[in-house]
Amino acid sequence: MVVRKKTNKKKDLIEKEPINQSYEKILIISVDRDNDIGEKAGITGPIIGLKNNTQAATKFAIADPEDSDGNCMFGAIKKYNELIKENDVEIVTLTGHSKSNLFYADKNIALQLKHTLEIYPATAAILVTDGAEDDQVLPIIQNYIPVISKDTIIVRQSKNLESTFYTIKKAFRDPFFARIVYGVPAVILLLFVFFKNSALQIIALLLGLYFLIKGFNLDFYFIKFYRNIFKRFSIHRLSLPFYLAFIFFSIFSIVKGINLFNLNTSFDLLFRTVYVLRAILLYLVLAISSAVIASIIDLFYFKKVYLLGRHIFTLLSIFIFATLIDFALQLIISEIEISLFITAIILSVIFLILIGIFTNLFNISSEVTVLLVGLSVRSKYGLLIGKVVDVDEKKQIIIYEERTNKKIRSISKKNFSVRNGFVII
């Protein structure tokens with residue numbers, strides 16, 4: 001007896017039909033929240049595409065091979081290569097802002113992600129991070145696109161690198177720790193050698209200044225001032241002789257002032273002070289003027305001619321205020337009448353107004369002029385958008401090219417401002 005197995009042809013047909021799945025567009029996201037890529041490699045996000053990310057990651061790894069953000073970018077590139085064979089995938093690196101302003105950092109990331117999704121309308125995202133504070137941007141990304149996966153890149157180290165001896169040895173070679181471990185004791189010992197009884201007071205003064213600077217977070221401004229001064233001293237710039245003149249006249253005026261003050265001990269304190277100030281006033285004016293002239297020359301070198309009016313106003317104002325100071329010093333020791341001093345004040349105000357009218361011709365923050373062409377266009381959070389390519393002075397609008405998609409857009413004067421050499425929209 002043969003048993004026939006019943007088959008459900010309708011059911012077999014259904015099982016054999018291919019299942020239609022939705023075709024996802026996946027965006028692989030690498031995040032540099034504290035903008036190390038921008039500060040160390042000079043690259044602004046969003047960095048879209050495999051080629052751009054490979055170039056940026058390589059450049060950043062060369063600039064700072066020890067930073068984990070570079071490994072994070074290479075991890076995102078690896079994930080892209082794994083998925084591209086069977087999926088519609090794109091890769092992007094989002095950059096934030098410095099740690100001093102994490103609000104701007106998160107805002108930048110949100111703006112860059114929104115801009116990226118306009119170019120590549122992804123339906124899902126894979127977040128690749130180094131496991132540090134970049135994980136905090138996960139909620140921001142999820143506001144715009146669902147995150148279906150998250151990879152954490154952990155850098156492996158050899159046994160030798162993990163040893164305590166190597167860690168301590170490397171720490172001592174670090175400039176920051178070296179200044180503390182070697183520099184501070186060296187300064188203290190030298191103070192006791194050269195100043196003996198006054199060493200403790202000097203140490204207390206230096207520690208007080210250090211705590212004051214650290215307490216009010218002034219070290220950033222001191223470092224910035226130091227870097228701005230020394231990066232200007234280049235033998236290849238025409239401004240170098242004027243910076244050297246600034247140093248020479250400054251030192252000369254201080255030394256001359258101290259010598260004159262110590263020589264004229266027969267006069268009272270007020271007369272000696274006024275006499276010394278009048279004697280060195282010309283050298284101080286020459287010193288400050290030399291620095292301003294050097295800055296004016298550097299404006300052309302750094303392509304910041306939009307600041308020319310401000311520098312010319314400063315240069316001419318130096319001579320006016322120096323004249324007023326000289327008249328005031330003469331008035332103190334009764335060499336001139338007060339009426340002459342008041343006349344000098346009125347004339348100085350008139351001259352300053354005239355100088356202000358003249359230098360306002362170079363002001364690009366109030367009117368739309370051709371001086372705006374070439375300036376970078378940024379958002380109010382620091383995101384680089386594009387560059388000004390043309391202006392319409394009659395309609396008071398600027399025309400700029402977007403950095404990512406090369407689209408040409410225009411914006412009226414009421415919708416942007418000019419600050420620190422950038423067009424802010």
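Quick notes on this one:
- Pair list, Cβ < 7 Å and 6+ apart or interchain, from region 250-262 residues that are among the aromatic types (Phe, Trp, Tyr) to residues that are part of a helix (DSSP H, G or I): Phe252/Tyr283; Phe261/Arg272; Phe261/Val276
- Restricted to region 406-425, and to residues there that are among the β-branched types (Val, Ile, Thr) and more than 21 Å from the chain's Cα centre (by Cα), the residue that is farthest from Leu307 (Cα to Cα) is Ile408.
- Condition met for Leu316 (surrounded by 16 or more Cβ atoms within 10 Å (Cβ to Cβ) and either out of contact with any Leu (no Cβ under 7 Å at 6 or more places or on another chain) or farther than 23 Å from Ser289 by Cα (or both)): yes
- Residues of region 31-56 that turn out to be free of Cβ contacts under 8 Å to residues at least 24 places away in the same chain and in a helix (DSSP H, G or I), as a count: 5
- Residue within region 350-364 that is under 30 Å from Pro46 (Cα atoms) and surrounded by 12 or more Cβ atoms within 10 Å (Cβ to Cβ) present: yes
- Note on region 20-44: residues that are closer than 24 Å to Ser149 by Cα, out of contact with any Asp or Glu (no Cβ under 9 Å at 6 or more places or on another chain) and modelled with pLDDT under 85 total 4.
- Enumeration of residues in region 57-78 that are in contact (Cβ under 8 Å) with a residue 24 or more places away in the chain, polar (S, T, N, Q) and over 19 Å from His97 (Cβ atoms): Asn71
- Only one of Glu82, Glu118, Glu90 that is modelled with pLDDT of 85 or more, over 13 Å from Val31 (Cα atoms) and in a strand (DSSP E or B): Glu90
- Residue in region 50-59 that is of a type in the set (S, T, N, Q) and either closer than 18 Å to Leu138 by Cα or surrounded by 20 or more Cβ atoms within 10 Å (Cβ to Cβ) (or both) present: yes
- Filtered residues of region 79-104 (kept if over 22 Å from Gly38 (Cα atoms) and of a type in the set (Phe, Trp, Tyr)): Tyr80
- If you go through region 415-425 and pick out every residue that is farther than 15 Å from Leu383 by Cβ and either outside the structural domain of Leu384 (by TED's automatic domain parsing) or in contact (Cβ under 8 Å) with a residue 40 or more places away in the chain (or both), you end up with 3.
- Qualifying residue in region 21-36 (condition: within 17 Å of the chain's Cα centre (by Cα), within 14 Å of Val128 (Cβ to Cβ) and surrounded by 15 or more Cβ atoms within 10 Å (Cβ to Cβ)): yes
Quick grid of which residues meet (1) within 30 Å of Ile399 (Cβ to Cβ); (2) modelled with pLDDT of 85 or more:
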| position | (1), (2) |
| --- | --- |
| Ala322 | no, yes |
| Phe327 | no, yes |
| Ile333 | no, no |
| Ser339 | no, yes |
| Ile346 | no, yes |
| Ile355 | no, yes |
| Thr359 | yes, no |
| Ile364 | yes, no |
| Val368 | yes, no |
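The values are calculated or read from the model by the stated rules, or taken from the named source; none is laboratory data. Just so we're clear, the structure is a prediction, and the values are computed from it rather than from any experiment. Virtual Cβ from ideal backbone geometry, glycine too; neighbours counted across all protein chains shown.
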